[in-house]
Amino acid sequence: MTSSYSTDIVIFGGGIAGLWLLNRLRNQGYQAILLETDKLGSGQTLASQGIIHGGLKYALHGALGGAANVISDMPARWRSCLAGEAEIDLSGCRVLSEHYYMWSDSGFRSKLKTFLGSKSLSGRVTAVEKQDYPDFFKAATVEGTLYKLPDFVVDTNSLLQALVEKQRDWIFRVSPGSYTFERNAAGLVNAISFSDGDTQFTLEAQKFIFSAGKGNQQLIDDASLAEPKCQLRPLNMVYVKGKDLPSAFVHCIGDSFSLTPKLTVTSHSDAKGETVWYLGGEIAESGVGKAPDTQIHSARKLLTTLFPWINFAAMEFHCFAIDRAEANVRSNSRPEDAYFIEESNVLVAWPTKLTLTPNLADNITEHFAASGVVPSGATAQQNLSDVLEAAEIATSRWD
């Protein structure tokens with residue numbers, strides 16, 4: 001006999017976007033559940049550097065509208081959540097660095113000073129006096145200029161824990177391929193049928209949200225949706241482990257002032273308490289398709305050039321490939337904002353960037369309110385834990 005369950009909202013995807021949506025919707029009274037086919041955070045979430053940024057890199061590229069305007073409010077929004085004073089209580093999330101920095105060698109000092117003095121950036125970026133440099137830059141053996149940004153860095157592991165903590169009873173793991181989407185007489189997706197061994201049941205809902213990052217495309221195909229399109233932007237990320245590695249949180253920029261810094265460094269700790277440098281930026285984009293040895297050689301050479309006062313000879317280098325998933329909205333160009341599209345009762349959503357996750361939740365909850373999707377007011381009568389197991393939280397690559 002097939003059991004039947006019902007809820008208001010079903011969310012697919014257990015990364016930060018899906019978990020944030022789960023918290024927002026349940027806080028607003030919706031009966032919402034989240035389904036994950038792997039471990040929570042196992043995709044883009046734990047591959048993220050955890051930077052909550054305010055869009056300065058868009059401004060460096062001269063793009064002062066659109067994305068730069070939307071994203072500029074995000075650091076303050078996140079800080080309110082971290083203080084437990086906003087729509088989601090993230091007071092349990094650890095902040096790795098209260099500030100993020102930008103480092104430019106002396107050759108670009110005049111050009112950068114002129115640009116950062118522009119009206120559009122007034123008050124957003126401040127030059128750091130040498131006596132106030134963080135310890136890492138006080139040890140520098142090359143001339144350069146350091147700027148402090150309004151950005152900061154969160155520990156994505158503890159962010160996951162904070163988002164899961166109050167919603168554990170509503171987060172489940174499902175086996176890939178164990179479900180099919182059902183449509184009603186009007187052609188709208190209104191239920192999911194599950195069949196996994198001896199377990200068979202149907203789950204009905206008002207709305208379904210796909211927020212599974214790279215997994216969205218498979219869900220789109222499974223639900224036979226025609227309009228939503230996903231695009232992938234690959235990266236070859238590098239991390240470095242070393243006993244004497246100092247802590248650093250910095251964008252290193254080149255003369256092009258491009259949207260992608262030459263190097264972006266964040267610092268983390270592995271399970272043994274050893275410092276890990278996680279490297280993104282241009283090194284990750286240009287390294288796509290390179291063999292591990294080649295990518296590691298490039299990273300080691302770049303670090304030695306940028307930070308000659310650090311001896312990387314005995315450091316342990318690793319790299320891995322990861323895809324950033326985005327909506328394909330304008331002929332493969334990068335989306336500027338968090339984005340969702342609805343078709344046949346299904347919302348397919350991408351935050352585009354970690355920092356824009358609250359904006360995605362705003363857009364979806366406002367859409368529900370405007371389209372008459374309201375909490376049912378019913379108390380859950382059935383317990384899905386009778387038929388589904390809880391989803392586990394993933395660990396970082398370096399653990």
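Would you mention how many residues in region 315-337 are of a type outside the set (Asp, Glu) and part of a loop (DSSP other than H, G, I, E, B)? The qualifying residues number 9. For region 337-354, residues that are surrounded by fewer than 22 Cβ atoms within 10 Å (Cβ to Cβ), under 15 Å from the mean Cα position of the chain (by Cα) and touching a residue at least 40 places away in the same chain (Cβ under 8 Å) total 1. For region 72-104, name all the residues that are surrounded by 20 or more Cβ atoms within 10 Å (Cβ to Cβ) and modelled with pLDDT under 90. Hit for region 72-104 is 104, nothing else.
Only residues that are of a type outside the set (S, T, N, Q), out of contact with any helix residue (DSSP H, G or I) (no Cβ under 7 Å at 6 or more places or on another chain) and outside any loop (DSSP other than H, G, I, E, B) were counted in region 256-279, giving 5. The residues of region 136-148 that are assigned to a loop (DSSP other than H, G, I, E, B) and touching an Asp or Glu at 6+ places or on another chain (Cβ under 9 Å), listed by number, are 142, 143.
Being at pLDDT 95 or above, outside the structural domain of residue 29 (by TED's automatic domain parsing), among the small types (Gly, Ala, Ser) and on the phi > 0 side of the Ramachandran plot is not true of residue 123.
Counting only strands (runs of 3 or more DSSP E) that fall entirely inside region 149-255 and contain at least 2 residues that are farther than 26 Å from residue 90 by Cβ and either in contact (Cβ under 8 Å) with a residue 40 or more places away in the chain or in contact with a Leu (Cβ under 6 Å, 6 or more places away or on another chain) (or both), the qualifying elements are 179-183, 189-196, 199-210, 230-241. Note on region 122-143: residues that are touching a helix residue (DSSP H, G or I) at 6+ places or on another chain (Cβ under 6 Å) and surrounded by 12 or more Cβ atoms within 10 Å (Cβ to Cβ) amount to 1. Among the residues of region 49-71, those identified as at pLDDT below 95 and under 17 Å from residue 154 (Cα atoms) are 53, 54, 55, 71.
No other residue among 209, 253 is on the phi < 0 side of the Ramachandran plot, assigned by TED's automatic domain parsing to the domain that holds residue 385 and of a type in the set (A, V, I, L, M) apart from 209. When you look at residue 288, is it free of Cβ contacts under 8 Å to residues at least 60 places away in the same chain and either among the hydroxyl-bearing types (Ser, Thr, Tyr) or touching a Phe, Trp or Tyr at 6+ places or on another chain (Cβ under 7 Å) (or both), yes or no? No. Would you confirm, using the coordinates I've provided, whether residue 348 is among the hydrophobic types (A, V, I, L, M, F, W, C), part of a strand (DSSP E or B) and out of contact with any His (no Cβ under 6 Å at 6 or more places or on another chain)? In short, yes.
The values are calculated or read from the model by the stated rules, or taken from the named source; none is laboratory data. Remember, predicted model here, so these are calculated numbers, not experimental data. As a convention, Cβ positions derive from the backbone with ideal geometry for all residues, glycine included, and neighbour counts pool all protein chains shown.
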